[in-house]
Amino acid sequence: MAAAPNIREVAVRAGVSVGTVSNVLNRPELVAEPTRERVYAAIAELGFVRNDSARQLRVGRSRTLGLVVLDVANPFFTDVARGVEDTANQHGLAVILCNTDEDPIKEASHLDLLAEMRVQGVLINPIDTDGRIAALRDRGIPVVLFDRRGDPAVECSVAVDDVLGGRLAATHLIESGHRSIQFVGGPLTLRQVQERYEGVSAVASAHDDVELTVLTTPALNVAAGRAAGDRLAAAGRDALPSAVFCANDLLALGVLQALTHAGLRVPDDVAIVGYDDIDFAAAAAVPLSSVRQPRQQLGRTAAELLLAETMEADHEHRQVVFEPELIVRESSAR
Ligand code: RIB
């Protein structure tokens, strides 16, 4: 009996990549109608059965993907994980979630463990373990970066244009009349934090009457936001910036809590803009303006790129960059 047709044969018949076939099967809205129809025709002609796609995965490896995130307590990453799991489960795979707490030592330990567990591949929002990531690839384990751009020569990546995100926040605040803006975030060694700062700085420096200050934080969580808000409040009303742009929503929620606790009004005394647009942003006591990232789509796309690399003999690395969107709410309304 002839072997059942596989996803690669469908791709050849339709004249597309395996990743495109995977998209047609999992995210048809991403694929142009004419291409979709060619793939469906190839599936019908070959009698391809989609659950066979799991058999195209790397033999001798577990039916799992590794997902390494910076902070599992941050809803941004649980939303990304939801997207990863949706795609993984469509291919009969489970997801092993690893939390690094932005600690390079923990991250390296997780990568070693995932290699020992012979995962199909690893999705990672990296801190600074390029050497470890290269070692995984040397062992034949594909690694896709998410939430930051990668090196097209060696990897696939999925990110949001964080420089544009910073620009959107700064433009909104300046157009709302703010002339003293403080960027709250850190560590600036994290690529996504650095790029958000670059965006806000580029816009602020184009306006002679705008003062941009920076309050770096040791982490990107609510506690670090509360500490930053306490410092702002303690400096006194005359020293307050008229607006704060936080590198993510958890920081913004912490700043909001501290300023409110100190008797300051948001946005009347200080406007606040966050980043990610997690569900808690809209639900905050003062609904938070935020730069939205397509979190679940980031996860789905990263997982699809990883599976394509696993299944495609002639894989070509791709860098997918989504555009952020500014959502204006009460915390920075005019
Ligand atoms: O890891 C901290 C932040 O980086 C998240 O909130 C999200 O913005 C990611 O890009």
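Candidates in segment 70-88 are the residues that are closer than 13 Å to L298 by Cα and among the aliphatic types (A, V, I, L, M); of these, the one that is surrounded by the fewest Cβ atoms within 10 Å (Cβ to Cβ) is A81.
Just for segment 246-286: of the residues that are among the small types (G, A, S) and open to solvent by less than 10 Å² (accessible area, probe 1.4 Å), which one is nearest to the chain's Cα centre (by Cα)? The qualifying residue nearest to the chain's Cα centre (by Cα) is A247.
Just so you know, in segment 104-143 the residues that are of a type in the set (D, E) and modelled with pLDDT under 90 include one that is surrounded by the fewest Cβ atoms within 10 Å (Cβ to Cβ), and it is D138. The residue pairs whose first member lies in segment 281-298 and is closer than 24 Å to V163 by Cα, whose second member is modelled with pLDDT under 95 and surrounded by fewer than 19 Cβ atoms within 10 Å (Cβ to Cβ), and whose beta carbons are closer than 8 Å, counting only pairs six or more residues apart or on different chains, are S289/A333; Q296/D86. Within segment 155-173, being open to solvent by 10 Å² or more (accessible area, probe 1.4 Å) and away from the ligand (no atom under 12 Å from the Cβ) holds for E155, V163, L164, R167, L168, T171, H172.
Taken together, the criteria place R58 among residues that are at pLDDT below 95 and either open to solvent by 60 Å² or more (accessible area, probe 1.4 Å) or not charged (D, E, K, R) (or both).
The values are calculated or read from the model by the stated rules, or taken from the named source; none is laboratory data. Keep in mind it's a predicted model, so treat the numbers as computed, not measured. Heads up, the Cβs are rebuilt from the backbone with ideal geometry, glycines too, and the neighbour counts pull from every protein chain shown. These accessible areas exclude ligands, DNA and RNA; they are computed on the full protein's heavy atoms, side chains included. Shrake-Rupley method; radii C 1.70, N 1.55, O 1.52, S 1.80 Å.
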